[in-house]
Amino acid sequence: MTFRSQTPSQIVRLPSYFLWDCFNSGKLVAGTTHKACPDRSALCRELQIARENAVGLKQCHGDRIAWVHQGQVDEIAETDALVTNQSGVLLTIRTADCVPVFVFDPETLTIALIHAGWKGARLGIVKKTILELAGRSGSDVKRLQAALGPSIRSCCYEFRSDQIPEFKSFMKPVNGKHHFDLIGYLFQELEGLGIPQSSIFDSGLCTFCNPGDFFSYRREQENAGRMISFMMLP
Ligand SMILES: [Zn+2]
């Protein structure tokens, strides 16, 4: 596995299986849907993939999962995770602090891409997606591989409350405020499902700390652009 840290793309490759990446998708102009810079179409052009083979989401910080296939509608409403076992289907999500979670089953060649902020994490979007993937494809969860992409980290993730019971042990005090370690929470959830620690890859990258490489909603507020994370079976 290699990880190439480079603006504007962060690329992780696993030989011959699939490609995952976070692609800076450009600024969204505040208050409009006008895209001033590249988007999913630009990503398809860069990857030389037909636009109709790319699936995206209208994300809502929920726990709905879509199993997708070739020729599917290109944007699925109110959904935060995509799963497929078809080659050539480009799964995409957009983030600007939330965690892009990539899941891969090397045995059944099934992949999932999950948008996980704290609300989705609390609803169990990651766990539900993995159980959905394993249940439908007959995967052994112990053989799955997962990766956690660039996202806001506990160094910068000030959280308004330390009163959410399931997050309590992932809060740390910083200058009288509460900082949340969402990555730690997700890591523990993945391990708890049976994925070995050695099969969980963490990019270690904080979106807030790295303005040259990543958009951050916390840092840029309404003017924040979005990264596109994507995943595809060749
Ligand atoms: Zn940071």
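Quick note: the coordinates plus some simple rules give every number you see, no bench work behind them. Values in this document were obtained by computation on a predicted structure and should not be read as measured data. Virtual Cβ from ideal backbone geometry, glycine too; neighbours counted across all protein chains shown.
A simple spin-label model places the labels of SER87 and ASP140 2.4 nm from each other, with each point 7 Å out along Cα-to-Cβ.
Here each label is just a point 7 Å from Cα along the line to Cβ, and for GLU166 and ARG218 those points are 2.0 nm apart. Restriction of the trypsin sites (Lys or Arg not before Pro) in region 101-132 to DSSP coil positions whose beta-carbon has at most 10 other beta-carbons within 10 angstrom yields no sites.
Given axes a ≥ b ≥ c from the Cα gyration tensor, I'd like to know whether region 154-204 is rounded (a/c under 1.5), prolate (a/b larger than b/c) or oblate. Here region 154-204 falls in the oblate category.
Projected label points at GLU46 and SER198, each 7 Å from Cα along the beta carbon direction, are separated by 3.4 nanometres.
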